Amino acid sequence: MGAVCLLIACLSWVRLAAQGPDPQQIFQEAAQAQQRGDFALAASKYLDVIRLDPNVVAAHANLGVVLVSLGRFDEGIAEYQIALSEAPGSSPLRLNLGLAYYKKGDFSGAAAEFASLHKEDPGNLRVVTLLANCQVQVGLVGQALALLKPLAEDNPDNLDLEWAFGNALIRAGESPEGLKRIQKVAERGHNLEAYQLAADLALGLAQYDQAREQAKTAIQMNPDLARPHLVLAMMDDFAGNEKGAEIEYHKALEIDPKVFQARIQLANTSPIDRQVEKALQTVDGYRSLQASSQLHNEQVLRYHEALVLARLGRFQDALQAFAWFASKKISAPELIEQIGRVGLRRTVPPKYIREKDKSLFMAAGSAAFRYMAGQESEARELFHKLFQQFPNAPNAHLLYGHLLYGRESELAIQEFQQELKIAPSNADANMMLAWAYLMQNDPSAALSYAKKAEQEAPELPVSQLVLGRSLVETGDAENGTHYLEKAAQLDPGNPEIHIGLAQAYSETGRKEDARHERMESLRLTTPAALPVANP
Amino acid sequence: MNAWKASASLHPRHCRWQTLSVVAIILFWVGSVPAAGQVAPQNFSSACARCHPKEAASEPTTPMGRALELPGANPTLASHPKLTVRKGPYTYTVQTEENKSVYSVTDGIHTIAIPIRWSFGEGAQTWLLEHNGEYYESLVSYYPSIDGLDITTGDGSLKPDTLEAAIGRKLSNNDVTACFDCHATKAVSNGQLSLATLEPGVRCEHCHTGLENHLVSQIQSGGDIVSAPPSLGRLNPEEISRFCGQCHRTWELVARRGWRGVINARFQPYRLANSKCFDGTDHRIGCLACHDPHQTVVRDDTFYDPKCLACHAASGSSSLPPRPARAKVCPVAKSNCVTCHMPKVRLPNGLMTFYDHQIRVAKPNEPYPN
């Protein structure tokens, strides 16, 4: 880069004013500051030169380099563009401009510059590599592969090309081939980043020995990285070495407290306590950082989030997290088994699932997965098979009812009733029936189920909610309000409870209390991302 | 059980229709035998007209009475033989010939054409379409404001990637049931769609449940007023809001679904309940305080002044009997209250305008209160 700038300086230097401060002298001072890495001083000096003579192309070009080094990308890009307006077509300047876009994260802008350079000089491997990296970043993986494949074959020792090709293969879903390339870069280039990526990839591909080896090498190179410890922890976890896994998870967390997977894994193996809540908070934090934009991370995040939610007894939320996989048609036996386990509301940790339960979980999971994937008729058949094969499995009809409820509430009601035939004291089935009838404006039908739900699970806020609403809507506002207030004490963050209270207060003339509850429920409900409401 | 509960429990999907002999008695009573294919429920309206002629005559002509229109009885399509609009890569056409309308969508290469059987809405009109065993809400609708087609309200975010998806929004069973349950009478029985018994539009028994018992007892008692259906007029404002909200959307539904922003101006029960003056027990504020569902909505703003002044009149200035809790008197004007306090709101698509039922002192340029 320095050579490029000095070349520009030599070629483009124009006459500077002879009187007053000597711009050439200042330029030299700026260049010296730049060479010793004092970018702030260099920037200030180049600006002085430009103030004295705005047409000095070299000053704009070098100022661009300095500003980009300072992370002031937009200003740097602006300087390159000024320089290019004076020296149009300059390849070094366009390369620098492309690199500035690249560092800024504007891969489309960078790709445009690199593509034009590539057109002029197709043999420039550096430009090809950069262009392909940009194409991968903007999702043009096919184009990147087409560009890289022949060049990688012809230049097997070019590790930059190998790295770009490996990444493109991974993004194209060809992880095994991508892993080979990344491993090559790691070993030949003794590249830490490549070792870390290779460890991750090997783990994802179930090449456990390889994953362990790559992670260990990465730790030897830099013991302060969290990610390789996490890989080692997961290896131990899979191998049943709980103690070893715990040590590695803790090491990962000590290095980086934001490593959400470590926290979640610890939560999944430890008793339900603050650790679990903390794991969920970490998931939220991770999501807010939008680190989940990469598919691999998103999968890991959703999967573990679902398991944590299930451990908290939030089975419906857990299924919601699993629904993401169905919507993307991402399936794996382990995932299906977990969907089944969670759908049937079993709290046993995954590793303790008994062999005889596995077929039940797989059957329930397959049926639920199909439904969540939008294959409703196939799901119906699978559920019927499940009911035939396991006629007394608790919560199977409840699971199907829950899935049906949003689209076919009448059929859902039938499933909840079927569930009660198997287990009359099932609090969730009673609650759902009460809720379904309340939503159909049939509080009389809801009342008996609501009473049963409250009797079976008085500690659950929803059981208090359905009983409270059923009573209010069948004319017993006083008792109903009592149950609703109790529900609000148990779960003040539940907007449905505040909706119920608003109605109860409104009907009994407590106008201000009703208004307060309405405001509270609006505060607690999330505005729809896409407000669709049929006409 | 109060009146709301009585009426709610007889919501169409819970109606328990009595034996055919009951229908036969009613037919005999109204003195006419239906022609072949004529559905019996029409005769309930005729029967009602004997004692409630005013309501029975006006209600079928209201937008609610004409909330669903069938082929051959659709003045909008009859007067617009060809409607067409292009949206992205798709061109939509609604063509009407000899009382038969066809909705078609083409990408220039392939075309899907579907006969229109169900037209929802009397002003703006959306079509419910059947294609390959599935129901769709048409992606384009007719809007009087442009006298033409545009994207159906609420569907602006849909980006169809196939010709089939371009027909419209695919509906679940719950959706279809909900559409017919609001736009027709006796369309839903035991939670299931019952097109055989459907009567287009909102008819007497859509709201006045328990009607059949009332009619039978009227006949049997020789005209005495017995077994009257629960009086909806006696429901308190909270209850009537929820009653009307079954179709116009309840406060709780809008809150739960997170429908925020200008789009919820369409859901009057929600907006009204958000008003500072809304009181679930004060009959001076509520759907029926201002609107008679048997009549077309009054468009003259001054019509509503007495409704506002029922609370907001200076002491002694009202001809109404004194009531507790008089509210503040407007210092600006004493007429056309709604023009300031219920400002008109245009939906984001610019095609429909609604009076905002969140009654308030609306300040210029204030953000839309959710």
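The values are calculated or read from the model by the stated rules, or taken from the named source; none is laboratory data. Here the structure is a predicted model, which is why all the values come from computation and not from measurement. Cβ placement follows ideal geometry from the backbone for every residue including glycine, while neighbour counts extend to all protein chains displayed. Surface accessibility is based on the protein's heavy atoms, side chains included, excluding ligands, DNA and RNA. Shrake-Rupley method; radii C 1.70, N 1.55, O 1.52, S 1.80 Å.
Annotations for the structure displayed:
- Leading residue by the ranking (most open to solvent (accessible area, probe 1.4 Å)) among those in the stretch B:268-278 that are more than 9 Å from chain A (Cβ to nearest Cβ) and in a helix (DSSP H, G or I): B:Gln268
- Members of the stretch B:152-170 found to be open to solvent by 10 Å² or more (accessible area, probe 1.4 Å), of a type in the set (A, V, I, L, M) and more than 18 Å from B:Ile263 (Cβ to Cβ), listed by number: B:Leu163, B:Ala165
- Sole residue being surrounded by fewer than 20 Cβ atoms within 10 Å (Cβ to Cβ), more than 14 Å from A:Tyr371 (Cα to Cα) and among the acidic types (Asp, Glu), chosen from A:Glu305, A:Glu337, A:Glu355: A:Glu355
- Here B:Ala265 fits the description: in contact with a strand residue (DSSP E or B) (Cβ under 9 Å, 6 or more places away or on another chain) and either within 11 Å of chain A (Cβ to nearest Cβ) or at pLDDT 90 or above (or both).
- Subset of the stretch A:394-419 (residues that are open to solvent by 20 Å² or more (accessible area, probe 1.4 Å), part of a helix (DSSP H, G or I) and within 22 Å of A:Glu496 (Cβ to Cβ)): A:His402, A:Leu403, A:Tyr405, A:Ser409, A:Glu410, A:Glu415
- Of all residues in the stretch B:107-120, those satisfying the criterion of being within 14 Å of another protein chain (Cβ to nearest Cβ) and open to solvent by 10 Å² or more (accessible area, probe 1.4 Å) are B:Trp118, B:Phe120.
One line per residue, one yes/no per condition, for (1) modelled with pLDDT of 90 or more; (2) at negative phi; (3) buried (at least 17 other Cβ atoms within 10 Å of the Cβ):
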residue: B:Val39; (1), (2), (3): no, yes, no
residue: B:Asn43; (1), (2), (3): no, yes, yes
residue: B:Leu77; (1), (2), (3): yes, yes, yes
residue: B:Lys100; (1), (2), (3): yes, yes, no
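Residue by residue, here is whether (1) surrounded by fewer than 20 Cβ atoms within 10 Å (Cβ to Cβ); (2) within 23 Å of the chain's Cα centre (by Cα); (3) of a type outside the set (A, V, I, L, M, F, W, C) holds:
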{"site": "A:Pro156", "(1), (2), (3)": "yes, no, yes"}
{"site": "A:Ala186", "(1), (2), (3)": "no, no, no"}
{"site": "A:Glu193", "(1), (2), (3)": "yes, yes, yes"}
{"site": "A:Leu197", "(1), (2), (3)": "no, yes, no"}
{"site": "A:Gln214", "(1), (2), (3)": "no, no, yes"}
{"site": "A:Thr217", "(1), (2), (3)": "yes, no, yes"}
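- Long-range neighbours under 6 Å by Cβ, at least six apart or interchain, first residue within 13 Å of A:Ser91 (Cα to Cα) within the stretch A:117-132, second surrounded by fewer than 23 Cβ atoms within 10 Å (Cβ to Cβ): A:Leu117/A:Arg94; A:Val127/A:Leu117; A:Val127/A:His118
- Boolean, B:Gly258 is open to solvent by less than 10 Å² (accessible area, probe 1.4 Å), on the phi > 0 side of the Ramachandran plot and either at the interface with chain A (Cβ under 8 Å from one of its Cβ atoms) or modelled with pLDDT of 95 or more (or both): yes
- Sole residue being farther than 19 Å from A:Ser409 by Cα, more than 12 Å from every other protein chain (Cβ to nearest Cβ), open to solvent by less than 20 Å² (accessible area, probe 1.4 Å) and modelled with pLDDT of 95 or more, chosen from B:Leu198, B:Leu149: B:Leu149
- Here the stretch A:470-494 is the region considered, the condition is being part of a helix (DSSP H, G or I), in contact with a helix residue (DSSP H, G or I) (Cβ under 8 Å, 6 or more places away or on another chain) and open to solvent by 30 Å² or more (accessible area, probe 1.4 Å), and the residue that is nearest to the other protein chains (Cβ to nearest Cβ) is A:Asn479.
- Within the stretch B:152-187, the set of residues being at pLDDT below 90 and either more than 9 Å from chain A (Cβ to nearest Cβ) or in a strand (DSSP E or B) (or both) comprises B:Lys159, B:Asp161.
- Single unsatisfied condition, A:Glu376 versus (1) open to solvent by less than 60 Å² (accessible area, probe 1.4 Å); (2) more than 28 Å from the chain's Cα centre (by Cα); (3) under 30 Å from A:Tyr437 (Cβ atoms): (2)
- Candidates in the stretch A:85-135 are the residues that are open to solvent by 30 Å² or more (accessible area, probe 1.4 Å), of a type in the set (A, V, I, L, M, F, W, C) and more than 26 Å from the chain's Cα centre (by Cα); of these, the one that is nearest to A:Lys149 (Cα to Cα) is A:Leu125.
- Residues of the stretch A:120-138 classified as in a helix (DSSP H, G or I) and over 23 Å from A:Lys104 (Cα atoms), total: 1
- Per-region count, the stretch A:442-469, residues in contact (Cβ under 8 Å) with a residue 12 or more places away in the chain and within 12 Å of another protein chain (Cβ to nearest Cβ): 5
- The set of residues in the stretch A:68-92 being more than 16 Å from A:Ala43 (Cα to Cα) and not in a helix (DSSP H, G or I) consists of A:Ala87, A:Pro88, A:Gly89, A:Ser90.
- Considering each residue of the stretch B:130-145 in turn, none proves to be closer than 14 Å to B:Gly350 by Cβ, open to solvent by 10 Å² or more (accessible area, probe 1.4 Å), within 12 Å of chain A (Cβ to nearest Cβ) and in contact (Cβ under 8 Å) with a residue 40 or more places away in the chain.
- Checklist (1) open to solvent by less than 50 Å² (accessible area, probe 1.4 Å); (2) hydrophobic (A, V, I, L, M, F, W, C); (3) closer than 30 Å to A:Ala152 by Cα applied to A:Met221, failing item: (1)
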